[in-house]
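For reference, the structure is listed below as structure tokens.
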Amino acid sequence: MADEAQIIYEYSAVGTVEIKTNDLKITYNRLYMTETARPDGKIYIDDPAIIQRVFTGMGIISGADMNELNTVQTAAITYDATYPRIKKIYFSGAVTISDVEVSLANGWSGFDMGNGFWNVSFTFRERAL
């Protein structure tokens, strides 16, 4: 069984939502890397080392958090040098990833489980620098 991860998504200085998940997937993309096969048979690689992580998974959140995200994500979010971001990801009680600027656009869905909880799926895409 996978370890449970806790993600703290911070969309403003005063707004956070916590998601617990046991199927977090982190994909590392090397943007703009190209491989070119030349007529001499050699392969050349150009890599400006611009990396972007994509965080995907499913988790359970409260109805209050779902309402908060619905209100915020459907409003005009201001993207700046700090927010929105993944403030922290805890793996088995230890912080391993923190302060990652992300976007959540087109990466959020959920269904009502009843009793005030929602099962959500998410895709956080890191702002590539």
Theoretical FRET efficiency, 1/(1+(r/R0)^6), r = Cβ-Cβ of Lys25 and Val95, R0 22 Å, to 0.05: 0.70
Share of pairwise Cα separations in the chain, more than 18 Å, in percent: 58 percent
Long-range tail of P(r) for segment 19-89 (Cα pairs > 15 Å, %): 74 percent
Radius 15 Å from Cβ of Met113, net charge of other residues (Lys, Arg +1; Asp, Glu -1): -1
Nonlocal Lys pairs with alpha-carbon distance under 19 Å, the chain (8 or more apart, or different chains): 4
Added length on full extension, which subtracts the Cα-Cα distance from 0.36 nm per residue, Ile77 to Met33: 12.8 nm
Net charge of Cβ neighbours under 9 Å - reference Lys87; Lys, Arg +1; Asp, Glu -1: 0
Environment charge of Val54, counting only residues whose C-beta is closer than 9 Å and scoring Lys/Arg +1, Asp/Glu -1: +2
Loop trypsin sites (Lys or Arg not before Pro), segment 36-129, which have at most 10 other Cβ atoms in a 10 Å radius of their Cβ (DSSP): Lys42
Proxy reagent accessibility, fewest Cβ within 10 Å first, across Met58, Met113: Met113, Met58
Average Cα contact separation per residue, the chain, under 8 Å, 6 or more apart, as relative contact order %: 28 percent
Residue order, fewest to most beta carbons within 10 Å, for Val54, Val120: Val54, Val120
Separation between Cα centres of segment 65-129 and segment 1-31, rounded to whole Å: 7 Å
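Just so you know, all these numbers are worked out from the coordinates, no wet-lab data involved. Every value quoted in this text rests on a predicted model; they were computed, and no experiment measured them. In this analysis, Cβ positions are derived from the backbone assuming ideal geometry, glycine residues included, and neighbour counts consider all displayed protein chains.
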